[in-house]
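The values are calculated or read from the model by the stated rules, or taken from the named source; none is laboratory data. In this text, all values refer to a predicted model and were calculated from it rather than measured experimentally. Ideal geometry is used to build each Cβ from the backbone, glycine not excepted, and the neighbour counts take in all protein chains shown. All accessible areas refer to the heavy atoms of the entire protein, side chains included, with ligands and DNA or RNA removed. Shrake-Rupley method; radii C 1.70, N 1.55, O 1.52, S 1.80 Å.
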Amino acid sequence: MHRATSELPQPTDFTGVSRGDTLRTKAGRGSRSLANLLSEEFENKIRQGLLGEGDKLPTESELVRTYDVSRTVVREALSKLQASGLVETRHGIGTFVRPVHKSTAPILNADELNESVDVLAVLELRISLETEAAGLAAQRRQAEHLQAMDAALKAFEASFSEGADTVAHDFAFHLCIARATGNRYFLDILQHFGSLLIPRNRITSVRAGGRDPDYLRRVNREHEEIYLAIERQDADSARAAMRIHLTNSRERLRLAQRLTQKQAEGDFTSQGATAPHST
């Protein structure tokens, strides 16, 4: 039995500042979007036990009103939570918290990844992990796995055609491959990190092309190469395609970080040039 939304623990606000203002303040201090911040707030509540298994999240309208954000922001946030395996949406009923699988392994947690610059290091881990996962998926995949991968690819393409967020569909595709290995530990590791593993979810520099159609087409073409190799059960080609995809992701992230750093340095220099000299 789940608790009704009104019975969930409610944060006490002693400052008089709305939660929407708080999100915007955080967004203004860094590169994270409102959707990322909103999903992270609920992820923290779930992992801290403030929201438990079976609890119902507020409705879309309630979230829009409470956080003073658009429906698009709310939908993206919920999509990220779903991709992370933290919630599930039951059509016509609502969105509910799923069981949280706790691990005692000494592994980097999602909060640390979220705040650190170590996404590159985790990408190196992914290259090793997911390259082998692609090979195993090619050997072991069943028809339902191919159907799920194909659905994720089509959803990705539809989203970028509409200018919508693609992170959840990107992550879903990688989860489908992990499931197809038949080894639950591949899936457990990816779900542990959640959609934070997707590099463009952490770097939102305009010049990095986070939602640029050409950039996203390249990403999806790489996905399609992986899918086709898995479909024809060519393990070596699947490994090669996954390695190329993740290596390209690493290089795209490095470029995005360099561009972001140069932009920040340029802003700092500009501010220094216009600042009044002390006497």
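At pLDDT below 90, within 28 Å of the chain's Cα centre (by Cα) and open to solvent by 50 Å² or more (accessible area, probe 1.4 Å) - does that describe any residue in segment 241-249? Yes, segment 241-249 has at least one match.
Within segment 164-182, the set of residues being in contact with a helix residue (DSSP H, G or I) (Cβ under 7 Å, 6 or more places away or on another chain) and either open to solvent by 30 Å² or more (accessible area, probe 1.4 Å) or not in a helix (DSSP H, G or I) (or both) comprises D165, T166, H169, A172, R179, T181, G182. Residue pairs whose Cβ atoms lie under 6 Å apart, separated by 6 or more positions or on different chains, with the first residue in segment 147-172 and farther than 11 Å from L216 by Cα and of a type in the set (A, V, I, L, M, F, W, C) and the second open to solvent by less than 20 Å² (accessible area, probe 1.4 Å) and not in a helix (DSSP H, G or I), are F171/I198. Of the residues making up segment 44-68, those that are crowded, with 18+ Cβ neighbours inside 10 Å and either touching a Pro at 6+ places or on another chain (Cβ under 9 Å) or farther than 18 Å from G94 by Cβ (or both) number 2. Scanning segment 115-163 for residues that are surrounded by 19 or more Cβ atoms within 10 Å (Cβ to Cβ), of a type outside the set (A, V, I, L, M) and assigned to a helix (DSSP H, G or I) yields a count of 8.
Can you confirm whether R71 is at pLDDT below 60 and either surrounded by fewer than 17 Cβ atoms within 10 Å (Cβ to Cβ) or farther than 25 Å from A172 by Cβ (or both)? Criteria not met by R71.
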